[in-house]
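The values are calculated or read from the model by the stated rules, or taken from the named source; none is laboratory data. Being a predicted model, the structure only gives us computed values, none of them experimental. Virtual Cβ from ideal backbone geometry, glycine too; neighbours counted across all protein chains shown.
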Amino acid sequence: MSSKSINLTLKVWRQPGSKAAGRLETYQADNIPTDASFLEMLDIVNQRLTLAGKEPIAFDHDCREGICGMCGTVVNGRPHGPERETTLCQLHMRHFKDGDTVVIEPYRARAFPVIKDLVMDRSALDQIIMAGGFISVNTGQAAEANSLPVPKDKADLAMDAAACIGCGACIAACPNASAMLFTSAKISQFALLPQGRPEAAKRALAMVACMDGLGFGNCTNHKECEMECPKGISISNIARLNREFIKAALVSQEK
Amino acid sequence: MQLDAKIPAGPLETKWEKNCFDLKLVNPANKRKFEIIVVGTGLAGGSASASLAELGYNVKTFCIQDSPRRAHSIAAQGGINAAKNYPNDGDSVWRLFYDTIKGGDFRSREANVYRLAQVSNLIIDHCVAQGIPFAREYGGLLGNRSFGGAQVSRTFYARGQTGQQLLLGAYSSLMRQVARGQVTMFPRREMLDLVLVDGQARGIVVRNLITGEIERHTAHAVVLATGGYANVFYLSTNGMGCNVTAAFRAYKKGAGFANPCFTQIHPTCIPVHGDYQSKLTLMSESLRNDGRVWVPKQTGDTRRPEEIPEDERDYYLERIYPSFGNLAPRDISSRAAKRMCDEGKGVGPTGRAVYLDFAEAIQRLGQPEIAARYGNLFQMYEKIVAENPYKTPMMIYPASHYAMGGLWVDYNLMSTIPGLFVLGEANFSDHGANRLGASALMQGLADGYFVIPNTINGYLAGSRFAEVTDRHPAFKESVAEVVAKVKRLLSIKGKRTVQDFHRDLGNIMWEYCGMGRTDERLTKARKLVADVKAEFWENVTVPGSRADLNQSLENAGRVADFLEFADILLLDALARRESCGCHFNEAFQTADHEALRDDVNMSHVAVWEYAGEDKEPIFNKEPLVYEFVKLATRSYK
């Protein structure tokens, strides 16, 4: 690690409330240590704003280790910024150059209204899970864990899909604001596992219907979701979702 | 303060079953008449909400995050213990119980820990049924790995994201109940007070973090699952939002606070590198399965690690603790790292780091195998430190990680306030003076899935409840207090930020109450913390209003509570006249620097009782009685 520092010009989306109009404000962010994370850079700016008697920039964050999915804004047009497979909290300032201008905005999607500044309401993702992103097992009903072997390759693929952190970057990246990558990750995880098969048809139909109802767009294969996903969720999950959906819609009892 | 632990009589193996039988039941039709509030949606709160709703109770669940899926349990990496004995390596419920009691340095209750070991296997069964993608062997059966403080492989894992997967499992069960209408979910709410009516916990007062509105919620029982207080050290591995506020406000309403000085310093974290730093990142203990910890033999050696020949390296954990080696428990490993750095053998720019080296494992297993086991951790390290750990050894140093202390609860997980239950890290119950790796996930899920659904009925069926609405005077009084506090924070308009005060508090706590404690330094810390607290209330600046989203205000309330709570932690550390587990008072140590317990005078749970504003809390104790295990000096040599 080196202890250099850089000066940046920030253009940050400021919006006092969900109904108020917003606009980009310019701030000078001088002397930012390059070993600081992007959110620590915002902390520094907020400290300075506070001491100058101004209201600090509101942004969501919590774990700061790239796993809770709470952070995520659009940095220079890209959700979570320029580094691949990196959440905003794991993006470090060494990836910026002295003198850079950095534009920071909330996600732009109808289903994610802005609450304040960079804070958005992403509860639509919880609603998609409520529609069927679970296996219906009550506590106490389970059989002995090893009574149901799961082929390792299937378990590994299920884990790849399950790594989704629900940050919504895929939706922000998609020109249609489609939630297909998010939804397909959950559908894939359960479709790949024998435990998930009994409800597979019902799940695919219900989750897709819910997603459509919430105002998310459709997938037209731009693949930008995969490119911006901080956890590297593959669009092959969308193909699996489509197969599950078609199977369910055409041949299951559920339709 | 009455401290009846309500431990059932009889043999250890049948206590839990007997307890469940002895407690009154609530019939299914009557369950519909009860409302239960659950605060927190981590492993404990999420699993409790789902399980209670499955039983037919009406559940209202609160969390500070925008979604219940984001609670900090999600960041747990390494795994979850269970006594399945799938590897056929001599494990059993008894051994998991014994390892946990011993790992906690004989400062936890036998009955609680035994129950934890008993239900551990049910947790794995349930989580597999929920579709959690645990690691598997080629035959399709579940894989295991080793963790600190155990000589068997009993840890189940999902890559380096076990906490995430278990939490998403609990979250999916919770959302299923939300969809059924059995749970009402209140995200972005912060609990600011507990409301008592006739001495019973009957509701909470919360701040809606979006609108700023102060809301009142009633219930027949309140379950707190609000996590630990490691952020009292400012820099910790906890999430930025983790706080003591809900637990502390319950303490002020009469809930005893147990063993606050038992705080765990985790040995394998990325070292501190600048004062802008907001948190520390854990590198899972599972890395010590294959990584070897070392420092240069010579003090002040500034060569790069690859330039230091094998015979000039001190693999000190393997040298001092040959039978456990790099898998020595956390408290022991942390103190050993500190000793090495105190002796001038520390590495890196600050000299406060040791190496965790994978060269030998990469040679033995190949880089692809190491990547399969720990890939995401290596990637995370590289992002933060900008060095490739496949080539250069990781640098690690201990950091504040977990709180074994918490609100006191009886065997049924009820606090000293009737109707207030406390689960997971927020309670004190199972880990004694030191928690073993992969045991936090086990405890959170044990409490939520299997304990509370079987104990809360005893309280509900055995109590009388007055009709209480949110217009009750107790709510009015509580709201008035909460609003006054919020207004006061906004009105100070001083010259220093909330974060600045929090950092000051953290520096004092780490410096004077961290891995090595002395009476003199603890006493001095009390004075220093009191000074910071006094300045806070005169000189903090909290911008913005209370009528909308105001993150500075949220933090101000949390830091104000940490400033008060820190004094209880320091008092508890002073009152414990011994070293045990993570609490290491330098006056009580063996010739080779290990913790020296005093089983005659100190075998108890210290429980602090609120005595009023600016008054010293009252000390109470619950004696720990060991009927089934023999207290021994902990040795991992």
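Observations on the structure shown:
- Only residues that are small (Gly, Ala, Ser), surrounded by 24 or more Cβ atoms within 10 Å (Cβ to Cβ) and closer than 30 Å to residue A:90 by Cα were counted across segment B:36-74, and they come to 8.
- Test for residue A:48: is it at the interface with chain B (Cβ under 7 Å from one of its Cβ atoms) and either closer than 24 Å to residue B:236 by Cα or not hydroxyl-bearing (Ser, Thr, Tyr) (or both): no
- Of the residues making up segment A:93-140, those that are more than 10 Å from every other protein chain (Cβ to nearest Cβ), under 22 Å from residue A:39 (Cα atoms) and within 18 Å of the chain's Cα centre (by Cα) are A:104, A:105, A:106, A:107, A:108, A:112, A:113, A:114, A:118.
- Within the option set B:611, B:632, B:606, being touching a Phe, Trp or Tyr at 6+ places or on another chain (Cβ under 9 Å) and in a loop (DSSP other than H, G, I, E, B) holds for one residue only, B:632.
- Note on segment B:346-356: residues that are buried (at least 21 other Cβ atoms within 10 Å of the Cβ) and touching a Pro at 6+ places or on another chain (Cβ under 8 Å) amount to 4.
- Test: residue in segment B:203-225 that is small (Gly, Ala, Ser) and within 15 Å of the chain's Cα centre (by Cα): yes
- Test: residue in segment A:48-67 that is touching a residue at least 40 places away in the same chain (Cβ under 8 Å), aromatic (Phe, Trp, Tyr) and touching a Ser or Thr at 6+ places or on another chain (Cβ under 7 Å): yes
- Scanning segment A:22-61 for residues that are in a loop (DSSP other than H, G, I, E, B) and among the polar types (S, T, N, Q) turns up just one, A:34.
- Exclusive hit being crowded, with 19+ Cβ neighbours inside 10 Å and more than 26 Å from residue B:319 (Cα to Cα), set B:609, B:616, B:578, B:627: B:578
- Matching residues, segment B:442-486, being among the β-branched types (Val, Ile, Thr) and out of contact with any strand residue (DSSP E or B) (no Cβ under 8 Å at 6 or more places or on another chain): B:451
- Scanning segment A:29-44 for residues being hydrophobic (A, V, I, L, M, F, W, C), within 9 Å of chain B (Cβ to nearest Cβ) and either closer than 15 Å to residue A:73 by Cβ or in contact with a Pro (Cβ under 8 Å, 6 or more places away or on another chain) (or both) gives a total of 2.
- Hey, residue A:168 more than 9 Å from chain B (Cβ to nearest Cβ), over 25 Å from residue B:171 (Cβ atoms) and at pLDDT 95 or above or not: no
- Members of segment B:286-317 that are within 29 Å of residue B:161 (Cβ to Cβ) and charged (D, E, K, R): B:288, B:290, B:292
- Number of residues in segment B:266-307 that are free of Cβ contacts under 8 Å to residues at least 60 places away in the same chain and not basic (Lys, Arg): the value is 11.
- Only one of the numbered conditions (1) facing chain B (nearest Cβ under 8 Å); (2) free of Cβ contacts under 8 Å to residues at least 40 places away in the same chain; (3) surrounded by fewer than 21 Cβ atoms within 10 Å (Cβ to Cβ) is violated by residue A:16, and that is (2).
- Residue check, residue A:64 among the basic types (Lys, Arg) and crowded, with 22+ Cβ neighbours inside 10 Å: yes
- Top-ranked residue in segment B:490-504 [being hydrophobic (A, V, I, L, M, F, W, C) and surrounded by 23 or more Cβ atoms within 10 Å (Cβ to Cβ); ranked as farthest from residue B:529 (Cα to Cα)]: B:498
- Selected residue [crowded, with 24+ Cβ neighbours inside 10 Å and away from chain A (no Cβ under 14 Å)] from B:325, B:291: B:291
- Residues in segment A:213-244 that are more than 14 Å from residue A:85 (Cβ to Cβ) and in a loop (DSSP other than H, G, I, E, B): A:214, A:215, A:216, A:218, A:219, A:220, A:221, A:222, A:223, A:235.
- Every listed requirement among (1) surrounded by fewer than 24 Cβ atoms within 10 Å (Cβ to Cβ); (2) away from chain A (no Cβ under 14 Å); (3) touching a strand residue (DSSP E or B) at 6+ places or on another chain (Cβ under 8 Å) is met by residue B:86 save one, (2).
- Per this entry, residue B:120 is not counted among residues that are within 24 Å of residue B:258 (Cβ to Cβ), assigned to a loop (DSSP other than H, G, I, E, B) and within 20 Å of the chain's Cα centre (by Cα).
- Residue count for segment B:171-188, restricted to those that are surrounded by fewer than 21 Cβ atoms within 10 Å (Cβ to Cβ) and of a type in the set (S, T, N, Q): 2
- Residues that are farther than 29 Å from residue A:66 by Cα, among the acidic types (Asp, Glu) and more than 9 Å from chain B (Cβ to nearest Cβ) occur in segment A:231-254; there is at least one.
- Of the strands (runs of 3 or more DSSP E) lying entirely inside segment B:217-334, those containing at least 1 residues that are at pLDDT below 95 span B:263-269.
- Any hit, segment B:132-139, residues being in contact (Cβ under 8 Å) with a residue 24 or more places away in the chain and among the hydroxyl-bearing types (Ser, Thr, Tyr): no
- Residue B:398 meets the stated requirement of being part of a strand (DSSP E or B), touching a strand residue (DSSP E or B) at 6+ places or on another chain (Cβ under 7 Å) and farther than 16 Å from residue B:228 by Cα.
- Qualifying residues in segment B:1-21 (those that are touching a residue at least 60 places away in the same chain (Cβ under 8 Å) and of a type in the set (D, E, K, R)) - the one farthest from residue B:110 (Cα to Cα): B:4
- Selection of segment B:134-162 for residues being more than 7 Å from chain A (Cβ to nearest Cβ) and within 18 Å of residue A:186 (Cβ to Cβ) yields only B:134.
- Single unsatisfied condition, residue B:75 versus (1) over 19 Å from the mean Cα position of the chain (by Cα); (2) within 14 Å of chain A (Cβ to nearest Cβ): (1)
- Test: residue in segment B:589-600 that is without any contact (Cβ under 8 Å) to a residue 60 or more places away in the chain and crowded, with 17+ Cβ neighbours inside 10 Å: no
- Residue B:561 vs. criteria in contact (Cβ under 8 Å) with a residue 40 or more places away in the chain and farther than 23 Å from residue B:259 by Cβ: no
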